[in-house]
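Remarks on the structure that follows.
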Amino acid sequence: MTSIKSMLLTIVFMTFISSSFAQGFSTLQIDSIVEVAMDSNQHAGIAIAVVKDGEVIHSKGYGISSMITGDKVDNHTRFSIASNSKAFTSASLALLVDEGYINWDDKVVEHIPEFKMYNSYVTAEFTIIDLLTHRSGLDLGAGDLMWVPDGNSFSIDDIITSFQYQTPVSDFRTKYDYDNLLYIVAGEIVVRKTGMLWSEFVEERIMSPLGMNESAGTISRLVDVNNIAKPHSLVDGEFMQIDEFDATVAASAAGIYASVYDLSKWMIMQLDNGALNDSVPLISKKNHGEMWKPYTNRGFNIIGNTPYNTHFYSYGLGWGIKDIAGYITVSHTGGMPGMLSQTILIPELKMGVVVLTNADPGGYSFMSIPNIIVDSYIGIDSVDWIGRMTERIKSREQNGDSVVASVWEIVNKAQLNNLDYDNYVGSYSDDWFGEMVIWEKDKELWIKSIKSPKLEGRMLYYQANTFAVKWNYRDMNCDVFASFNLSKDGKAISFTMEGISPNIDFSFDFQHLYMVRNK
């Protein structure tokens with residue numbers, strides 16, 4: 001927005017920034033930051049908590065939890081924290097190490113004998129730490145179509161046996177590529193050693209001792225079904241409320257629903273080296289420290305870039321780790337359809353901030369607001385994070401929209417030239433994703449996944465041997481190309497897929513499929 005109100009709010013906001021150098025913000029100042037962020041971009045709700053020196057100094061909600069009901073967000077509103085759940089999984093395993101059930105360096109096959117990677121050496125050497133550190137050799141988001149979108153029928157057994165069919169893109173333990181499926185396997189370690197569901201274990205052994213009584217391992221396990229943030233997103237250009245995403249099968253990777261009121265307790269425990277409020281250790285100091293060790297390199301610079309002077313960026317066990325302005329920070333982001341979040345901790349300052357939002361992109365406030373708050377504590381000159389993120393979204397969306405628009409323009413002008421649909425109709429399978437079926441209906445080709453029924457849609461001729469698939473599922477932008485290999489008589493024998501938009505979420509890993517016609 002470019003309204004006079006927005007300009008005035010920005011002036012007030014920058015004044016607050018300048019007056020808070022290296023001392024943090026008051027609640028009034030955070031209110032002002034949020035008002036600027038929400039006035040600058042399309043939003044639903046935001047919840048924020050800040051802790052310092054073992055105390056909660058800010059805990060508040062803003063905006064609405066649902067554009068349909070108009071209900072307000074407060075600090076007890078539960079949001080999906082998505083991949084911030086991964087730190088709870090590493091904490092769960094730390095508890096099992098403390099209690100002698102496992103060791104960090106145990107081979108996964110010792111606890112899950114049927115676990116099999118893409119070659120025998122990696123299978124034999126793959127450790128529990130490898131499950132948590134995104135260094136498997138597999139590609140970014142490999143296999144995520146087994147849980148995204150939700151409502152599919154893939155089981156934990158399907159996931160455990162899928163890795164042997166996936167193709168590595170780097171040597172084992174040499175490169176960072178974010179992986180959700182291996183965190184699902186990490187959750188299964190908890191199941192095998194305790195006989196409890198991962199969600200039950202987290203609720204009983206972590207949330208309950210911390211007094212996180214409003215939160216749960218998945219949305220379906222929330223006791224109180226009131227005051228839950230609903231997701232909102234841009235659907236074909238229109239900002240609207242969308243369906244909640246049930247990540248039960250991927251709970252240990254992305255399932256938790258929590259309030260900032262509860263997450264304040266989680267952050268305070270983390271900043272106190274794993275201790276509860278009464279100084280009784282929830283997690284031993286030794287194993288808590290293990291989670292904050294840099295295992296996988298993500299970037300290194302001898303001379304740090306200004307103003308943050310960051311030299312390294314790495315991944316530990318469920319946490320990203322880097323240095324900014326002389327301080328080590330541990331952090332993680334989370335993203336689900338219509339839900340974005342971030343947690344940042346600065347252990348040396350005993351300071352932490354969590355921001356939960358229920359709008360995508362929502363001005364990327366899950367990035368800008370915590371960055372602004374952190375800047376105020378580490379003594380960085382004011383940075384217009386809200387403006388930066390707004391421009392980033394604008395550039396990203398314009399680029400994506402132009403690419404997508406050009407594709408559909410070609411589709412609308414395409415000449416079928418007596419294309420014989422019978423050559424494409426049939427059943428096709430991929431080793432890890434299973435069966436997809438193509439059929440003709442109302443003089444159009446349609447495609448659907450058998451195990452992921454939300455992936456059903458029309459196949460519209462694009463050019464050459466390629467179709468553009470427009471899925472019925474619209475909560476996320478995931479339309480794809482399907483490109484066919486044909487026999488000498490023109491019969492389709494296989495096809496590959498790739499996202500149409502450059503902004504497609506990496507979890508829609510269609511490019512990893514190789515669909516072969518079933519005999």
Inter-residue pairs, beta-carbon under 8 Å, first in the same structural domain as SER284 (by TED's automatic domain parsing) and in a strand (DSSP E or B) and in the stretch 70-92, second surrounded by fewer than 24 Cβ atoms within 10 Å (Cβ to Cβ) and among the polar types (S, T, N, Q), 6+ apart: ARG78/ASN227
Residues located in the stretch 195-228, provided they are under 30 Å from ALA275 (Cβ atoms) and out of contact with any helix residue (DSSP H, G or I) (no Cβ under 8 Å at 6 or more places or on another chain): GLY195, GLU200, GLU204, SER208, PRO209, ILE219, LEU222, VAL223, ASP224, ASN227
Close pairs (6 angstrom Cβ cut-off, 6 or more residues apart or separate chains): touching a residue at least 12 places away in the same chain (Cβ under 8 Å) in the stretch 130-144, among the basic types (Lys, Arg) anywhere: ARG135/ARG173
Residues of the stretch 276-314 classified as touching a residue at least 12 places away in the same chain (Cβ under 8 Å) and among the acidic types (Asp, Glu), total: 1
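Residue by residue, here is whether (1) within 30 Å of ALA254 (Cα to Cα); (2) among the basic types (Lys, Arg) holds:
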position: TYR462; (1), (2): no, no
position: ASN485; (1), (2): no, no
position: LYS488; (1), (2): no, yes
position: MET497; (1), (2): yes, no
position: LYS519; (1), (2): no, yes
First in the stretch 150-171 and under 13 Å from ASP430 (Cα atoms), second anywhere and surrounded by fewer than 16 Cβ atoms within 10 Å (Cβ to Cβ), Cβ under 7 Å, 6 or more apart: TYR165/ASP431
Matching residues in the stretch 295-312 - criterion: being buried (at least 18 other Cβ atoms within 10 Å of the Cβ) and under 23 Å from the mean Cα position of the chain (by Cα): TYR295, THR296
From the options LEU340, LEU317, LEU349, residue that is surrounded by fewer than 24 Cβ atoms within 10 Å (Cβ to Cβ), touching a residue at least 24 places away in the same chain (Cβ under 8 Å) and hydrophobic (A, V, I, L, M, F, W, C): LEU349
Single match in GLU456, GLU397 (criterion: within 25 Å of PRO502 (Cα to Cα), modelled with pLDDT under 95 and surrounded by 14 or more Cβ atoms within 10 Å (Cβ to Cβ)): GLU397
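Which ones in the stretch 93-107 are assigned to a helix (DSSP H, G or I) and in contact with a Ser or Thr (Cβ under 7 Å, 6 or more places away or on another chain)?
Kept after step one, since they are assigned to a helix (DSSP H, G or I), are these residues of the stretch 93-107: 93-98.
Once the filter is applied, which keeps residues that are assigned to a helix (DSSP H, G or I) and in contact with a Ser or Thr (Cβ under 7 Å, 6 or more places away or on another chain), the stretch 93-107 yields only ASP98.
Which of the residues belonging to the stretch 53-69 are charged (D, E, K, R) and not in a loop (DSSP other than H, G, I, E, B)?
The first filter runs over the stretch 53-69 and keeps only residues charged (D, E, K, R), leaving 53, 55, 60.
Passing the criteria: GLU55, LYS60.
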Strands (runs of 3 or more DSSP E) (entirely within the stretch 402-517) containing at least 1 residues that are acidic (Asp, Glu): 426-430, 434-441, 444-449, 456-463, 492-499
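The values are calculated or read from the model by the stated rules, or taken from the named source; none is laboratory data. These figures come from a predicted structure and were not determined experimentally. Glycine also receives a Cβ, built like all others from the backbone with ideal geometry; neighbour counts cover every protein chain displayed.
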